[in-house]
1. Compute the distance from the alpha-carbon center of segment 1-48 to that of segment 95-114, in whole Å.
2. Exposed loop chymotrypsin sites (Phe, Trp or Tyr not before Pro) only (DSSP loop, at most 13 other Cβ atoms within 10 Å): please give the longest stretch of the chain free of them, not including the sites.
3. Suppose every K and R has +1 on its Cβ and every D and E has -1 on its Cβ; what is the size of the dipole of the chain about the Cα centre, in Debye to the nearest 20?
4. State whether segment 86-138 is rounded, prolate or oblate according to the following rule on the C-alpha gyration tensor (a ≥ b ≥ c being the square roots of its eigenvalues): a/c under 1.5 gives rounded; otherwise a/b larger than b/c gives prolate, and the remaining case gives oblate.
5. With charges only on Cβ, +1 for K and R and -1 for D and E, what is the dipole size of segment 42-96 about its Cα centre, in debye, rounded to 20?
6. Which one, Met138, Leu222, Pro160, is farthest towards the positive end of the dipole of segment 116-245 when Lys and Arg carry +1 and Asp and Glu -1 on their Cβ?
7. What is the packing order of peptides 65-75, 138-148, taking the mean over residues of other C-beta atoms within 10 Å and listing the highest first?
8. When Lys and Arg each count +1 and Asp and Glu each count -1, what net charge do the other residues less than 11 Å away from Phe161, Cβ to Cβ, add up to?
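The values are calculated or read from the model by the stated rules, or taken from the named source; none is laboratory data. Only a predicted model underlies this, so the values are computations on that prediction, with no experimental measurement involved. Quick reminder, even Gly has a Cβ in these numbers, built from the backbone with ideal geometry, and neighbours come from all protein chains shown. Quick note on the areas: whole protein, heavy atoms, side chains included, nothing else; ligands and nucleic acids left out. Shrake-Rupley method; radii C 1.70, N 1.55, O 1.52, S 1.80 Å.
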Amino acid sequence: MSLVVDGISKRFVTKNKDTFTLDNINLSFKQGEFICLLGPSGCGKSTLLNIIAGLEKPTSGKILLNDKEVKEVGPDKAFMFQEAALFPWLKVIDNVEFGMKMAGISKEERREKALKYLKMVHLTKFQNSFVHELSGGMRQRVSLARALTLDSELLLMDEPFSALDSQTKSILQLELQKIWWETKKTVVFVTHNVEEAVLLGDRVIVMSANPGRVKREFKIQLARPREAQSVDLAYVSAQVMKDLKEEVEKVAKAEYDSDWSIEKNNVLYNSTNNMGDGL
Ligand SMILES: Nc1ncnc2c1ncn2[C@@H]1O[C@H](COP(=O)(O)OP(=O)(O)OP(=O)(O)O)[C@@H](O)[C@H]1O
Ligand SMILES: [Mg+2]
């Protein structure tokens, strides 16, 4: 598997503004790598991920997946959103089977695969439940199982855990590390949380805002599985945070009243637990 982001720019033209959200992004991803895209709100992380997925078209540049230009969505690029996007009228197992059904996979094979991946996310006993009977964390696990059934080499995730409480988030971060290890997928994971990026990523790509560019890349060489509360992780997170702080301030200055300053509102940096959560 090879994935190349080749000179991607995206310009949005709306009534009030005409802006380059992404400006000449160049990246390449290796087979089995876990990449985190990190940046302040509005820098274009979701836009870039959507372009990689084929959900959105770039203004210029191209995405090459296994040397072929990505022009549309497809089963070779599994996607997971912030909200689980499940069908409330379908049982868990039918939700997991849905993508395969659309792809025309036989009933038997669908069932076998759905059960395999429901087991991987430890939800076998809820296979006949409906979505409203599940917690937020369980819904995201169903959504992950559904994404895994595509057997794609590439898994794209847009802040999949950001709406969850911190305990559930930690459990899912650990599960994801294990599943990634077992399935050897290439994962592109969008987050605005520094600790999460350092916990999960082989590489963390820090983006700048207005326009969205690659500011810096960090190679994270901490041993796995990584633990959220480890001293090493906090140390590396602090290094990455230094780089990001400038970008967060830039965005905040554009959005807040002129008497606002990051020092006066020191909510971001006073504990390792909430590091980055306010970005
Ligand atoms: N369809 C659209 N039309 C106009 N502007 C858009 C559109 N989609 C995104 N934008 C703008 O592009 C910029 C980047 O948006 P994007 O959602 O990619 O950012 P993000 O980094 O994912 O932010 P967040 O962390 O808040 O999710 C924003 O300023 C947004 O207003
Ligand atoms: Mg986003």
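1. That distance is 32 Å.
2. Values: sites that count: Trp89, Tyr256, Trp260.
Value returned for the longest uninterrupted segment is 90-255.
3. On the way: 39 positive and 38 negative charges, 121 e Å.
For the chain, the charge dipole is close to 580 debye.
4. Working: a/c = 2.33, a/b = 1.44, b/c = 1.62.
Oblate shape, in that a/c is at least 1.5 and b/c is the bigger or equal ratio.
5. Working: 7 positive and 7 negative charges, 22 e Å.
In total the dipole reaches around 100 debye.
6. Farthest towards the positive pole: Leu222.
7. Working: 65-75: 13.1, 138-148: 23.8.
Result, highest mean Cβ count within 10 Å first: 138-148, 65-75.
8. Values: positive: Arg141, Lys169; negative: Asp158, Glu159, Asp165, Glu175, Glu196.
Charge balance in the 11 Å sphere: -3.
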